[in-house]
Structure formats: structure tokens, C-alpha cells
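**Student:** For reference, the structure I am asking about is given below.
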Number of protein chains: 2
Amino acid sequence: MNDRLSIVKVGGKVVEEPESLKAFIQDFASIAGQKILVHGGGRSATAIAQQMGFETQMVDGRRITDKNMLDVVVMVYGGLVNKNIVAQLQALNKQAVGLTGADLDCVRAIKRPVNDIDYGYVGDVSSVNSEQLEELVKNGVIPVVAPLTHNGQGQMLNTNADTMAAELAKSFARSFRVQLVYCFEKKGVLENPEDNNSYIPNLNTELYEQHKASGVISEGMIPKLDNGFAALKQGVSEVMITNTDGLKNGFNSGTLLSI
Amino acid sequence: MNDRLSIVKVGGKVVEEPESLKAFIQDFASIAGQKILVHGGGRSATAIAQQMGFETQMVDGRRITDKNMLDVVVMVYGGLVNKNIVAQLQALNKQAVGLTGADLDCVRAIKRPVNDIDYGYVGDVSSVNSEQLEELVKNGVIPVVAPLTHNGQGQMLNTNADTMAAELAKSFARSFRVQLVYCFEKKGVLENPEDNNSYIPNLNTELYEQHKASGVISEGMIPKLDNGFAALKQGVSEVMITNTDGLKNGFNSGTLLSI
């Protein structure tokens, strides 16, 4: 039987506030066995862009990434957020290494073609090369992955963190029993966005379609869930959406996806 | 006989201008055998700090690193400069990984004690753990190291790149035949700062003392040379100071140190 590997994506408010990030890192570190962390950092990037005099433009929740904004996200995701997480994991005696898709050539992408909208330096994942990451993971190292890729020709690209986590999960599923966890500030996929306890414990594709049709599941969650269902279809063993508390005690709360 | 390992530190103007950086990376990539790159990035950090509204304060060529400036150097050294170098090496089919001292717990430091001057979040190297880096190097990976360390308690620290390179060289000297190269815009240690061809081909400790006493060797070079001589005394096989051209054709120009 293949080894188990947890790939946890953390984003939203959790990663932006020092106290919640610290609590998350402790809970993440306590997950038994081999693991990978994929992080966001969008709100910090927006704040630093603003401080540098660059305006942030979003379309459908995606960041328009011109040359200046690319520099900002490479700095913030690849440097500030990533290295502070690594340092905090080291403080808990967890051997970690901070990476982008360019490091160890692990995730390549293609600059998104310009159709109606020019997203700029945004990359759609074209290939995952998990060989070197597997070596690290098997040696007890935790890769901490920033949502950045490269095109193989020296260009860094900005890539969605949910997608990055799902792509890594699919690649690792060839040699590991992979659990993919999307961790954010809510307890799971909520039936009522105002009530954090209204999370849907089990979500299959049929129920997902119903909830999309009725508007219960709204825009922000859809790319995450589409990524999650696609990962299940491509060999990932388990996909869960939860908050920091859900990481504790064997993942006993949150929304579990099934196909 | 131990394997040969080249540790090249690049700094100054070379790393700050896209064209000179690109040329450097090509020359660096062409060095035969196992290698590590340590980079600076101080001028970019100063420019971005200014853009964010933070003033840079230097004392004896060292950056005063308050909390805001720490964020800037972690972003710029650990993110922007580091990842762009890694992506460019990948474009030359060189397998590389960008690291700080926190990654793989490879370089720890102690926050510099406050005596006359409070340097803030500046770290003096306390230990180098090159075990994981050696595995990478032996697997053909080029570590690209930013001049940042951590204190083992979750705090990132700003560390001088020349020192970082010398400390790595000393640690690797236990299991490799290490060549340490300081690469910057000048051809070597110059007798006449106005004349780039006036480099001193061989500099031993005696001549160094003479040139310091007469003022031929000036302030900026002294920490670099002190680091270089200390590395030779602690088992590093060869220390050279040169420019990008000096990396080519078997290091046939530049200043070679000897003790």
C-alpha cells in the first residue's frame, strides 16, 4: 500500500493574520506523517502593492498581474509569506523547505492566452515534476509551496494556490495515498454563509450541482470545489474543505467531497 | 580525493541589472561540476524600501534592519532576486533550488547584540547544517542561497552575503574540495580603484596587511577579504575575487588569495 501524504492548502484570512497563521502552523505541524503545505497570500500582496503605489485589479476573483504586480507576488508569496512559514515550522522542529514552481522545476505553467481579458503574467499549470519533491518528502522534509510557477524560459508566473495544490495532489497520487485539504476561515462549505456551523459534511457531485443551481454554493467556492472534484477523479484519495480546527483530531469536521 | 565544489557569491551591480545578471548566470551555469550560488540584492532592497516609504540607514556598509526593513529584505532577497535567478537557471536546464538559511534549517544565526549600534534584525551566523544541502548538490541540484538566516525560534534575520558564502564554504570544506569565488563588477582587488586592470593577481596575508596599512585596500573590500582569508584558514581550498569574465575559461583572471 502506498504511503499517505497530506497536502494542505491554506489561504484567506488564516494566512494573513500573525496569530491565526501561528495557530494554523501548529495544527498543521501536528498532522501525522508526510505532508506538503501550499499557501496563498493575496491580501498581503494587495496591501504591499498599494504601499508601493500599484493598484490591484481583480476579475472574477483573479488578480491581473502586470510586470509590477508580478514582482509584488514573487516578493510576497515567494519571500515574505513563504519564508516566515518555513521559519515557524523550523521553530517547531519540523524540517521544511520553501519552494515555488521554479524551484526543482516542480511546477511549470503557460502564460494564460489573452482572450477577452489580459491577465498578464498568470500561468496555467502545464506540468508537475514531483520527482525531486518526493525525495524530500520521503526524507521527512515538508515542502512549503508558494503559488508561483515558471514557464521554463526564465519567466516567473502567478498561479492560483487552489489549483497549485490540486495539481500537486494529482501528481503525487501516482505514488502516494493523497489527502488534499483546503483550509480557510470557515468550517467547510456552508449552506448558510452567515452560519459557520451550517457546513455540509458530505458533498457529492450530485448535491454540488443542486447547490450550485439553487445558489447555496456561491462563486468564491466554485473554483475550489471544481479543483477538488477533478482531483478525486484523477486518483486523489480524499478531498476535504475545513478550517484550522478541522486539522486537529483526525479531521473530524469539515466538508468531505465524494464522487 | 573529495569532490570539487564551487561556491560563488555574486553581488554589487552584477546582480541588480537584468542584462549583467543574465550574463553572469550564463557564465555561472558554465562552471563545470557541483556548485552553489550565494547572491546579494542590496540595491534592489533599498529601491523597494524607498518605494514603500521606508528610509534605508547604513552603518559601515551594513544595513540597519528594523521590522519594516526585515520584511523588505525577506521579500527582495528571498523572493524577487532569488526566484528570478532560479527561473533563469532552469531556462538553461540547470536544476536549481532557491533557499534561505531557514530552508532545510541550513544556516542559523543569532540576532546581533546591541552595543553602540542597534542593527535590528541582523543575524550573525551561529551554525551551518549542510547535510541536506550536500544531498541536493550530490543529486546535481544547484542551491541558490539568499543572504537570510533564522534563529531557530521562528525569526528571520538579515545576514551579510559575503559572510554567508564564507560560512557555507567552511562547512562544505569538511567533505568537498571547495573553491570560494567572490564575483562582482571589478576584475579583482584593485591597486588603483580607477583602473580595472590594476588587479592584484596574488594576495597573501603579508601583502594584504601592507596594502591595508598604505590604504590601497579600502573599507569596502576589507570584510570580503577577511572572510576569504578566514575561509582559507578553515580548510577552503581556494578563494578568488573576480568579475563575470573571471568565471570563464578556468578562472584565469582575478585576485587569488593565499595564506
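**Student:** Just checking, how many residues over the stretch A:123-157 are out of contact with any strand residue (DSSP E or B) (no Cβ under 7 Å at 6 or more places or on another chain), away from every other protein chain (no Cβ under 11 Å) and without any contact (Cβ under 8 Å) to a residue 40 or more places away in the chain?
**Tutor:** Here the count works out to 0.
**Student:** Being not aromatic (Phe, Trp, Tyr) and not in a strand (DSSP E or B) is the filter; apply it to the stretch B:106-122 and report the residue that is farthest from the other protein chains (Cβ to nearest Cβ).
**Tutor:** Taking the stretch B:106-122 as the starting set, the residues that turn out to be not aromatic (Phe, Trp, Tyr) are B:106-118, B:120, B:122.
Keeping just the survivors that are not in a strand (DSSP E or B) gives B:106, B:112-118.
Details: B:Cys106: 9, B:Arg112: 17, B:Pro113: 20, B:Val114: 22, B:Asn115: 26, B:Asp116: 28, B:Ile117: 25, B:Asp118: 21 Å.
The extreme case among them is B:Asp116.
**Student:** Name the single residue, out of those in the stretch B:1-27 being acidic (Asp, Glu) and part of a helix (DSSP H, G or I), that is nearest to B:Val74 (Cα to Cα). Steps first, answer last, please.
**Tutor:** Within the stretch B:1-27, the subset acidic (Asp, Glu) is B:3, B:16-17, B:19, B:27.
Remaining after also requiring part of a helix (DSSP H, G or I): B:16, B:19, B:27.
Values: B:Glu16: 16, B:Glu19: 24, B:Asp27: 26 Å.
My answer is B:Glu16.
**Student:** Of all residues in the stretch A:77-105, count the ones that are part of a helix (DSSP H, G or I), under 28 Å from B:Asn93 (Cβ atoms) and not hydrophobic (A, V, I, L, M, F, W, C). Full working, then the answer.
**Tutor:** Narrowing the stretch A:77-105 to residues part of a helix (DSSP H, G or I): A:77-91, A:103-105.
Going one step further and asking which of them are under 28 Å from B:Asn93 (Cβ atoms), we end up with A:77-79, A:82-83, A:86, A:103-105.
Retained after the next criterion (residues that are not hydrophobic (A, V, I, L, M, F, W, C)): A:77-79, A:82-83, A:103, A:105.
Total meeting the criteria: 7.
**Student:** Please verify whether the stretch A:53-67 includes one or more residues that are more than 9 Å from chain B (Cβ to nearest Cβ), assigned to a helix (DSSP H, G or I) and touching a Lys or Arg at 6+ places or on another chain (Cβ under 7 Å).
**Tutor:** Kept after step one, since they are more than 9 Å from chain B (Cβ to nearest Cβ), are these residues of the stretch A:53-67: A:54-67.
Narrowing the set further to residues that are assigned to a helix (DSSP H, G or I) leaves A:67.
Going one step further and asking which of them are touching a Lys or Arg at 6+ places or on another chain (Cβ under 7 Å), we end up with none.
No; the residues of the stretch A:53-67 include none that is more than 9 Å from chain B (Cβ to nearest Cβ), assigned to a helix (DSSP H, G or I) and touching a Lys or Arg at 6+ places or on another chain (Cβ under 7 Å).
**Student:** Can you name every residue in the stretch B:104-122 that is without any contact (Cβ under 8 Å) to a residue 24 or more places away in the chain and either closer than 30 Å to A:Asn139 by Cα or of a type in the set (D, E, K, R) (or both)?
**Tutor:** Of the residues in the stretch B:104-122, the ones without any contact (Cβ under 8 Å) to a residue 24 or more places away in the chain are B:112-116.
Hits for the stretch B:104-122 are B:Arg112, B:Asp116.
**Student:** Run down B:Asn227, B:Asn204 and say which single residue is polar (S, T, N, Q) and closer than 25 Å to B:Gly40 by Cβ. Don't jump to the end; show me each part of the working.
**Tutor:** Values: B:Asn204 fails: closer than 25 Å to B:Gly40 by Cβ.
Among B:Asn227, B:Asn204, only B:Asn227 is polar (S, T, N, Q) and closer than 25 Å to B:Gly40 by Cβ.
**Student:** Kindly indicate the residue of the stretch B:28-43 that is part of a helix (DSSP H, G or I) and modelled with pLDDT of 95 or more and also nearest to B:Ala96 (Cα to Cα) among those meeting that condition.
**Tutor:** Pass one, the stretch B:28-43, residues part of a helix (DSSP H, G or I): B:28-29, B:42-43.
Adding the requirement that they be modelled with pLDDT of 95 or more leaves B:28-29.
Numbers: B:Phe28: 12, B:Ala29: 10 Å.
Only one residue tops the list, namely B:Ala29.
**Student:** Same structure, new question: Which one of the conditions (1) more than 7 Å from chain B (Cβ to nearest Cβ); (2) within 19 Å of A:Val14 (Cβ to Cβ); (3) surrounded by fewer than 23 Cβ atoms within 10 Å (Cβ to Cβ); (4) not hydroxyl-bearing (Ser, Thr, Tyr) does A:Ala91 fail to meet, given that it meets all the rest?
**Tutor:** Answer for A:Ala91: the failing condition is (1).
**Student:** I've got another one for you. Among the residues that make up the stretch A:158-178, is at least one of them within 12 Å of chain B (Cβ to nearest Cβ), at pLDDT 95 or above and crowded, with 24+ Cβ neighbours inside 10 Å?
**Tutor:** Let us first name the residues in the stretch A:158-178 that are within 12 Å of chain B (Cβ to nearest Cβ), namely A:158.
Narrowing further to those that are at pLDDT 95 or above: A:158.
Imposing the further condition that a residue be crowded, with 24+ Cβ neighbours inside 10 Å reduces the set to A:158.
Yes, the conditions are met somewhere in the stretch A:158-178.
**Student:** Within the stretch B:106-122, track down each residue that is among the charged types (D, E, K, R) and touching a strand residue (DSSP E or B) at 6+ places or on another chain (Cβ under 8 Å).
**Tutor:** B:Arg108, B:Lys111, B:Arg112
**Student:** Anything in the stretch B:69-88 that is buried (at least 24 other Cβ atoms within 10 Å of the Cβ) and hydrophobic (A, V, I, L, M, F, W, C)? List them, or say none.
**Tutor:** B:Val72, B:Val73, B:Val74, B:Met75, B:Val76, B:Leu80, B:Val81, B:Ile85, B:Val86, B:Ala87
**Student:** Next question. Quick check on this structure: which one of B:Leu168, B:Leu190, B:Leu148 is within 19 Å of B:Asp118 (Cα to Cα) and not polar (S, T, N, Q)?
**Tutor:** On the way: B:Leu168 fails: within 19 Å of B:Asp118 (Cα to Cα); B:Leu190 fails: within 19 Å of B:Asp118 (Cα to Cα).
B:Leu148 is the lone residue from the list that is within 19 Å of B:Asp118 (Cα to Cα) and not polar (S, T, N, Q).
**Student:** Would you confirm whether or not the stretch A:194-217 contains a residue that is among the acidic types (Asp, Glu) and in contact (Cβ under 8 Å) with a residue 60 or more places away in the chain?
**Tutor:** We begin by selecting, within the stretch A:194-217, every residue among the acidic types (Asp, Glu); these are A:194-195, A:206, A:209.
If we keep only those that are in contact (Cβ under 8 Å) with a residue 60 or more places away in the chain too, we end up with none.
So far as the stretch A:194-217 goes, no, none of its residues is among the acidic types (Asp, Glu) and in contact (Cβ under 8 Å) with a residue 60 or more places away in the chain.
**Student:** Is there any pair linking a residue in the stretch B:224-253 that is in contact (Cβ under 8 Å) with a residue 24 or more places away in the chain and over 16 Å from B:Asn202 (Cα atoms) to one that is buried (at least 20 other Cβ atoms within 10 Å of the Cβ) and among the hydroxyl-bearing types (Ser, Thr, Tyr), with Cβ under 8 Å and at least six apart or on different chains, and which?
**Tutor:** Cβ pairs passing all conditions: B:Asn227/B:Thr163.
**Student:** Check the stretch A:225-232 and report whether any residue there is of a type outside the set (S, T, N, Q), farther than 28 Å from A:Gln26 by Cβ and more than 16 Å from the chain's Cα centre (by Cα). Can you show your working first?
**Tutor:** Just the residues of the stretch A:225-232 that are of a type outside the set (S, T, N, Q), to begin with: A:225-226, A:228-232.
After this cut, where a residue has to be farther than 28 Å from A:Gln26 by Cβ as well, the list is A:226, A:229-230, A:232.
Right, trim to more than 16 Å from the chain's Cα centre (by Cα) and you get none.
No; the residues of the stretch A:225-232 include none that is of a type outside the set (S, T, N, Q), farther than 28 Å from A:Gln26 by Cβ and more than 16 Å from the chain's Cα centre (by Cα).
**Student:** Going by what's in this entry, would B:Arg112 be described as at pLDDT below 95, surrounded by fewer than 24 Cβ atoms within 10 Å (Cβ to Cβ) and on the phi < 0 side of the Ramachandran plot?
**Tutor:** Details: at pLDDT below 95: no; surrounded by fewer than 24 Cβ atoms within 10 Å (Cβ to Cβ): yes; on the phi < 0 side of the Ramachandran plot: yes.
No, not satisfied.
**Student:** Right, another one. Can you name every residue in the stretch A:9-33 that is closer than 26 Å to A:Gly61 by Cβ, in contact with a strand residue (DSSP E or B) (Cβ under 6 Å, 6 or more places away or on another chain) and either loosely packed, with under 14 Cβ neighbours inside 10 Å or among the charged types (D, E, K, R) (or both)?
**Tutor:** Correct list: A:Lys9 only.
**Student:** Give me the pairs, please: first residue somewhere in the stretch B:12-32 and touching a residue at least 12 places away in the same chain (Cβ under 8 Å), second residue anywhere and polar (S, T, N, Q) and surrounded by fewer than 17 Cβ atoms within 10 Å (Cβ to Cβ), beta-carbon distance under 8 Å, and either six or more positions apart or on two chains.
**Tutor:** That search, which allows pairs on different chains as well, returns nothing.
**Student:** Select from the stretch B:247-258 the residues that are at pLDDT below 90 and either crowded, with 22+ Cβ neighbours inside 10 Å or in contact with a helix residue (DSSP H, G or I) (Cβ under 8 Å, 6 or more places away or on another chain) (or both) and list them in ascending order. Working first, answer last.
**Tutor:** Let us first name the residues in the stretch B:247-258 that are at pLDDT below 90, namely B:247-253.
B:Leu247, B:Lys248, B:Asn252, B:Ser253, listed by residue number.
**Student:** Hey, another quick one. With (1) crowded, with 20+ Cβ neighbours inside 10 Å; (2) under 29 Å from A:Lys22 (Cα atoms) as the list, and A:Ser237 as the residue in question, which single condition is left unmet?
**Tutor:** If we test A:Ser237 against (1) crowded, with 20+ Cβ neighbours inside 10 Å; (2) under 29 Å from A:Lys22 (Cα atoms), just (1) comes out false.
The values are calculated or read from the model by the stated rules, or taken from the named source; none is laboratory data. Since the structure is predicted, the reported quantities are computational estimates derived from the model, not experimental observations. Here the Cβ is made from the backbone with ideal geometry for all residues, glycine too, and neighbour counts use every protein chain on show.
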